[in-house]
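Have a look at the structure below before the remarks.
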Amino acid sequence: AWVNVTYLSATQDTIIWMKYGNTTCGSQENIAGTWDGNYVMVQHLNETGNILLDSTAYRQNGTNTGTTFRSSCKIDGGREYDDDDHITVNNFGGYTNKLTAEAWVYRDSTSIINIFCEGTHYNASDWTLYLRTSNTTAGIDFGTNSHLYYVRKGSTPVNTWFYLTVVFNAGNTNLYVNSTNVGMGSLGSTISNNFTALCLGNDNDGGQPW
């Protein structure tokens, strides 16, 4: 459940009650309140068709190329990728100073896996988050400005779900796996804004493997 808690004390426990069984209670959902203006795109990837819907007010929907819906994926279904499969979100961009990107990932091999790419390839992009051919140290790569700057740290598990996050703040970059910081680095202070299409999965131009 997504819960909107307006205040959390730093010194006292906050008790959240969950009540159920009241058949006369109507829906309390507040989608707009859940994803406020700071969320520029939220893709659950649980649609079975080829249009993937953004849950935020920005309506940055994605178009599927080759990925397959799997009901067994994390949360409420998701997408299986193979070879050059990808999802394209057009008219995405302009986030030059601060960026947080997160994804649930299931990695069934140690081959290169592209998670996000704003552009057409890692050396023709505003920013790219991908997993390298090894799942050992330096297995996660986040690069900006056609990979002129990058941080290459951390590792990821294989054959299990994990939560991958990158946080970019005016050049200061942190990588997280399952909310644990696995690496940090200092990149250029801003992200270029030359491309308008964000690719979820492998390259837009079918350039995989690199």
* To do: Count, please, the residues in region 67-96 that happen to be farther than 20 Å from residue 38 by Cα, of a type outside the set (Phe, Trp, Tyr) and in contact (Cβ under 8 Å) with a residue 12 or more places away in the chain.
  => 17
* Evaluate region 59-66: report whether one residue or more is of a type in the set (Ser, Thr, Tyr) and free of Cβ contacts under 8 Å to residues at least 40 places away in the same chain. => yes
* **Scan of region 1-51 for residues that are more than 30 Å from residue 72 (Cβ to Cβ) and acidic (Asp, Glu), ordered by number** => 13, 36
* Determine whether residue 187 is modelled with pLDDT under 95, farther than 24 Å from residue 61 by Cβ and not β-branched (Val, Ile, Thr). => yes
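Quick grid of which residues meet (1) at pLDDT below 90; (2) among the polar types (S, T, N, Q):
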residue: 36; (1), (2): yes, no
residue: 44; (1), (2): no, no
residue: 54; (1), (2): no, no
residue: 72; (1), (2): no, yes
residue: 89; (1), (2): no, no
residue: 94; (1), (2): yes, no
* **Near pairs, Cβ below 8 angstrom, 6+ apart or cross-chain, from region 97-108 (under 16 Å from residue 73 (Cα atoms) and aromatic (Phe, Trp, Tyr)) to any residue that is open to solvent by 20 Å² or more (accessible area, probe 1.4 Å) and part of a strand (DSSP E or B)** => 104/161; 104/163; 106/161
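Do you know which of the residues in region 5-58 that are acidic (Asp, Glu) and open to solvent by less than 50 Å² (accessible area, probe 1.4 Å) is nearest to the chain's Cα centre (by Cα)?
Per the criteria, the residue is 54.
Let's see how each residue does on (1) over 17 Å from residue 98 (Cα atoms); (2) in contact (Cβ under 8 Å) with a residue 24 or more places away in the chain:
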site: 149; (1), (2): no, yes
site: 155; (1), (2): yes, yes
site: 181; (1), (2): yes, no
site: 184; (1), (2): no, yes
site: 187; (1), (2): no, yes
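The values are calculated or read from the model by the stated rules, or taken from the named source; none is laboratory data. Predicted, not measured: the structure shown is a model, and the values here were computed from it. Here the Cβ is made from the backbone with ideal geometry for all residues, glycine too, and neighbour counts use every protein chain on show. Ligands, DNA and RNA are stripped out before the accessible areas are found, and what is left, the full protein with its side chains, is counted by its heavy atoms. Shrake-Rupley method; radii C 1.70, N 1.55, O 1.52, S 1.80 Å.
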